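Quick notes on the structure that follows.
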Amino acid sequence: MRDVMVFAFAVSAACCLGIGFVLQQNAAQRAPMSDFLSLRLLLDLVRMPRWLAGIGMMVCGMVLGAIALGQGEVSLVEPLLATNLLFAMALSRWQTRQPLGRSGWGGLWLLAGGVAAFIVAGQPHGGATVTDPLRHWLIIGIVVGGALALAAASKRARMSVEAPMLAIAAGLLYGLQDALTRVSGKRLSEDGLTAFFLTWQPYGVLVLGLTALLFVQSAFETAPLRMSLPALTAAQPLAGIACGVGFLGDRLDTSPGALAWEAAGLVAIVIGIVLIGRHPAMPSGTAEVDRVRDLQPH
């Protein structure tokens with residue numbers, strides 16, 4: 001019964017996130033390029049009703065995701081959250097009237113089959129939380145450092161790789177945020193409200209969320225959704241699973257056969273995400289806006 005609830009909340013969260021990302025990108029592509037990687041971008045976007053609707057959907061998705069993380073392991077919830085791209089694809093297909101075609105159906109089945117293969121083969125379950133603080137901070141440092149390095153490098157990168165780099169950076173931070181959300185929820189349920197606010201994890205969740213939001217909106221601003229959302233969707237579950245196994249005590253089946261299926265499932269998820277993200281149904285922005293942005297220096 002618990003796994004059914006986790007599945008329901010995680011898939012509902014993915015639905016809200018996918019729809020929210022499409023609405024956000026619809027608005028962010030119209031923001032001035034001078035706002036790139038600046039908090040002014042968020043101040044400009046907050047005046048756009050479509051962006052606010054997208055943020056509202058994303059917040060709903062995060063709340064539902066937090067409930068799922070409170071009931072299940074990060075290694076179980078993260079692959080389910082990756083299905084947000086299916087819902088983004090559905091909304092984009094409705095907007096563009098594009099048929100799925102061979103690549104669309106292939107990406108859909110690879111993503112869904114990869115999620116199923118990873119969960120069935122890995123059988124994610126809880127274990128003893130790792131108490132070594134060095135291991136905690138090492139993993140957190142690698143994830144945060146990698147995200148900040150990608151964001152810094154994106155400023156000097158070509159426009160064709162700028163958005164994917166920022167999206168990967170945001171995905172890494174969102175994956176870590178999911179892990180800290182689970183820690184925060186556990187602390188709240190076990191130790192009460194006072195202990196919850198006296199720990200650093202809730203504040204870490206807020207800082208990570210705001211930073212990732214800035215990264216992903218900058219990615220949405222500079223390029224079509226098909227260049228950013230696949231990278232974001234692929235990076236988040238990989239970072240979340242790494243954190244879950246690394247310091248939250250999540251356990252996966254490590255027999256040779258299970259490991260092979262888990263690896264195949266993750267590869268299928270990534271390939272499916274790329275195929276769906278590159279499908280013509282995914283919004284590409286207006287040609288006029290794209291041409292103007294290509295001519296603008298950063």
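Could you give every pair whose Cβ atoms fall below 9 Å, whose first residue belongs to region 213-241 and is part of a helix (DSSP H, G or I), and whose second residue is surrounded by fewer than 24 Cβ atoms within 10 Å (Cβ to Cβ) and among the hydroxyl-bearing types (S, T, Y), counting only separations of at least 6 or pairs across chains?
L214/S38; S218/S38; L225/S284; R226/S284; M227/S160; M227/S284
Yes or no: region 59-72 includes at least one residue that is polar (S, T, N, Q), at pLDDT 85 or above and open to solvent by 50 Å² or more (accessible area, probe 1.4 Å).
Scanning region 59-72 turns up at least one residue that is polar (S, T, N, Q), at pLDDT 85 or above and open to solvent by 50 Å² or more (accessible area, probe 1.4 Å).
Whether any residue in region 127-140 is surrounded by fewer than 23 Cβ atoms within 10 Å (Cβ to Cβ) and closer than 16 Å to Y174 by Cα is what I want to check.
Looking through region 127-140, at least one residue is surrounded by fewer than 23 Cβ atoms within 10 Å (Cβ to Cβ) and closer than 16 Å to Y174 by Cα.
How many of the residues in region 1-47 are exposed (fewer than 14 other Cβ atoms within 10 Å of the Cβ), of a type in the set (V, I, T) and either assigned to a helix (DSSP H, G or I) or under 14 Å from the mean Cα position of the chain (by Cα) (or both)?
Selection size over region 1-47: 1.
Return the only residue of G107, G70, G61, G18 being touching a residue at least 12 places away in the same chain (Cβ under 8 Å) and under 19 Å from L210 (Cβ atoms).
Answer to the check: G61.
Inspect all residues belonging to region 113-125 and state whether any of them is farther than 24 Å from T254 by Cβ and surrounded by 22 or more Cβ atoms within 10 Å (Cβ to Cβ).
For region 113-125, residues farther than 24 Å from T254 by Cβ and surrounded by 22 or more Cβ atoms within 10 Å (Cβ to Cβ): absent.
Do you know which residues across region 242-262 are in a helix (DSSP H, G or I) and open to solvent by less than 40 Å² (accessible area, probe 1.4 Å)?
C243, G244, G246, F247, A258, E262
Could you pull out every one of the helices (runs of 4 or more DSSP H) wholly within region 69-186 that has 3 or more residues that are touching a Lys or Arg at 6+ places or on another chain (Cβ under 7 Å)?
Here the list is empty.
Kindly establish whether G56 is closer than 22 Å to F215 by Cα and under 18 Å from the mean Cα position of the chain (by Cα).
The answer is yes for G56.
If you go through region 145-155 one residue at a time, how many are open to solvent by 40 Å² or more (accessible area, probe 1.4 Å), farther than 17 Å from A234 by Cβ and at pLDDT 90 or above?
Total satisfying the criteria: 3.
Pick from region 48-57 the residues that are part of a helix (DSSP H, G or I) and hydrophobic (A, V, I, L, M, F, W, C): which of them is most open to solvent (accessible area, probe 1.4 Å)?
Looking at residues that are part of a helix (DSSP H, G or I) and hydrophobic (A, V, I, L, M, F, W, C), I get L52.
Looking at A169, A179 in this structure, which one is buried (at least 24 other Cβ atoms within 10 Å of the Cβ), at pLDDT 85 or above and either under 24 Å from M33 (Cβ atoms) or hydroxyl-bearing (S, T, Y) (or both)?
Testing whether each residue is buried (at least 24 other Cβ atoms within 10 Å of the Cβ), at pLDDT 85 or above and either under 24 Å from M33 (Cβ atoms) or hydroxyl-bearing (S, T, Y) (or both) leaves just A169.
The values are calculated or read from the model by the stated rules, or taken from the named source; none is laboratory data. As the structure is a prediction and not an experimental result, all values here were calculated from the model. Ideal geometry is used to build each Cβ from the backbone, glycine not excepted, and the neighbour counts take in all protein chains shown. Keep in mind that these areas ignore ligands, DNA and RNA; they rest on the heavy atoms of the full protein, side chains included. Shrake-Rupley method; radii C 1.70, N 1.55, O 1.52, S 1.80 Å.
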